[in-house]
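Step one of this worksheet: look at the structure below.
The numbers here are math on the coordinates, done by the rules we state, and not lab data. None of these values were measured; they are calculated from a predicted model. With ideal geometry, Cβ positions are generated from the backbone for all residues, glycine too; neighbour counts draw on all protein chains shown.
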Ligand code: ADQ
């Protein structure tokens, strides 16, 4: 008897080939962090696009070095089609619109056509490996049309879809010229998962407004097709991360940072340099704190790690310039000999260094304007040492806010809200820090990436 297979689908595969060593190297980003934390005890296939046929062949061959259950299936796509489907339609239309940043949306009909074509290409490749008893798990907004394309040709295939970004309010969603086509593609799934209740609610309102389909909160009956809906906040490999953060290598690195980073209260920021993450709001809030609470000058520092992303796109270049300028302004205004308030790294950091920074920092500051979930908040909480834990300061606009109830919440649009939260974190007695962190860790220990995947 043929075994039921699990087939994951995401835009890119979770690995690439290092140009330096030629070895398999893990990709970055929240989706990879979560999915690589899922432990499965049976073979699973993973399909994703690759523009270089040589790399595709190597990826396929080297995959089982990492995980013997993993069957990587790179789908070769031509560069021009990929740029139009991914850089243009996915990143210049869907990403900004779903993050309430309509001013960045650039809709062009030819990019939409590429999006349809890329979805069709992926559907063809899935159907080459799938049989009717298999389960396909589709990830994210790059593949809204795949459920219908798969079900049309293989009706009994089980199709799940998980959205990693917010589903916006129906009033925002209706701005999308292809709003009905997107919904028509999606509703053929057997199950659609969201990080947060409000995203699911927004989706069902759009379903009624755009398609005339009524639904209960968790189900819609569309002819003879049942669409199940659910809220499943994503998590990470908590135990694995905890173990790594307590390892000798990370402990040694943490000691290095304790000696190298002179600060009585170190606030850490770790974000991709994307407009949804609110980096400029973070810096304004930090500046407000230095103005409003003079006693923190010389005491509190911000270390911001910003991962370069889409560096050639004008909106991202403008954001980088604004962030560079704000860092300069704050340091110029409040710096003293021996005290540089903001340290800013425009680069990625390796995992051990990231964990050591989490351990060294007295607080993490997340100021997303919109964020599907935000795994940095989760990783920071999981990696804390309960003997002297830090404080999570979290935007109420991140999906993680629903899960991490013992954080200090801020409205990132309100500079005073950031300033006051930072000051409270600085003043917070150890007992309160410990009890808040204990409760965060307890919630997270009950919710691993594997549970999420199940
Ligand atoms: P992202 O927008 O990528 O993910 P996030 O959830 O914060 O955002 O995950 C970022 C990941 O990248 C984390 O695992 C972090 O460790 C890693 N990372 C960040 N900065 C780094 C650095 N400087 N160096 C190395 N690694 C770094 C999308 C959605 C999120 C959602 C995830 C998962 O936008 O809202 O939480 O998918 O669903």
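Quick look at the values:
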{"read-out": "Whole-number Å³ per residue for the convex hull built on Cα positions in the stretch 316-390", "value": "135"}
{"read-out": "Highest-first arrangement of 203-211, 52-60, 355-363, where packing means the average Cβ count within 10 Å", "value": "355-363, 203-211, 52-60"}
{"read-out": "Sites residue 83 and residue 431, calculated FRET efficiency, Cβ-Cβ separation with R0 51 Å, nearest 0.05", "value": "0.40"}
{"read-out": "Sites residue 18 and residue 152 - FRET efficiency at Förster radius 35 Å, r taken between beta-carbons, to 0.05", "value": "0.35"}
{"read-out": "Nearest 10 degrees, 0 to 90: helix 415-427 Cα axis against the chain principal axis", "value": "60"}
{"read-out": "Surface/4 of the Cα convex hull for the stretch 299-454, nm²", "value": "10.6"}
{"read-out": "Percent RCO, i.e. relative contact order, over the chain, from Cα pairs under 8 Å lying at least 6 residues apart", "value": "13"}
{"read-out": "Residue 175-residue 317 pseudo-label distance in nm [points 7 Å out on the Cα-to-Cβ vector]", "value": "2.4"}
{"read-out": "Length gained when the stretch residue 251-residue 25 is fully extended (0.36 nm per residue, less Cα-Cα span)", "value": "79.0 nm"}
{"read-out": "Antiparallel bridges, percent of DSSP beta bridges restricted to the chain (to nearest 5)", "value": "15"}
{"read-out": "Of every Cα-Cα pair in the stretch 1-116, the percent that sits beyond 22 Å", "value": "44"}
{"read-out": "Cα gyration tensor shape of the stretch 223-280, rounded if a/c is under 1.5, else prolate or oblate by comparing a/b with b/c", "value": "oblate"}
{"read-out": "For the stretch 312-354, fraction of C-alpha pairs farther apart than 12 Å, in %", "value": "68"}
{"read-out": "With 10 Å bins from 0: P(r) over the stretch 199-257, alpha-carbon pairs, percent", "value": "18, 28, 12, 13, 16, 11, 0"}
{"read-out": "The chain - Debye-derived log10 I(q)/I(0), Cα point model, q = 0.10, 0.11, 0.12, 0.13 Å⁻¹", "value": "-0.76, -0.92, -1.09, -1.26"}
{"read-out": "Relative packing of peptides 172-185, 334-347, 296-309, 278-291 - highest average C-beta neighbours within 10 Å first", "value": "278-291, 296-309, 172-185, 334-347"}
{"read-out": "Potential lengthening between residue 292 and residue 385 on full extension [0.36 nm per residue; Cα-Cα distance subtracted]", "value": "30.4 nm"}
{"read-out": "Protection proxy ranking of 91-98, 259-266 - average other beta-carbon atoms within 10 Å, highest first", "value": "91-98, 259-266"}
{"read-out": "Volume in Å³ per residue [convex hull over Cα atoms, computed for the stretch 101-216]", "value": "106"}
{"read-out": "Neighbour-count ranking [beta-carbon atoms within 10 angstrom, fewest first] of 418, 443", "value": "443, 418"}
{"read-out": "Fully extended contour minus Cα-Cα distance, from residue 57 to residue 445, at 0.36 nm per residue", "value": "135.8 nm"}
{"read-out": "Helix axis angle, 351-360 relative to the chain longest principal axis, alpha carbon, degrees", "value": "40"}
{"read-out": "Per residue Cα convex hull volume in Å³ - calculated over the stretch 231-326", "value": "169"}
{"read-out": "Ellipticity estimate at 222 nm from DSSP helix runs (n ≥ 4, -39,500 (n - 2.57)) divided over the chain, nearest 500", "value": "-12500 deg cm²/dmol"}
{"read-out": "Share, in percent, of DSSP beta bridges within the stretch 297-454 that are antiparallel, nearest 5", "value": "5"}
{"read-out": "Cα centroid of the stretch 208-256 to Cα centroid of the stretch 310-368, whole Å", "value": "28"}
{"read-out": "Rel. contact order, % - alpha carbon contacts under 8 angstrom, at least six apart, the stretch 348-454", "value": "26"}
{"read-out": "Principal-axis tilt of helix 314-334 within the chain, Cα atoms, nearest 10 degrees", "value": "10"}
{"read-out": "Projected label distance in nm at residue 232 and residue 69, using a 7 Å step from Cα toward the beta-carbon", "value": "1.5"}
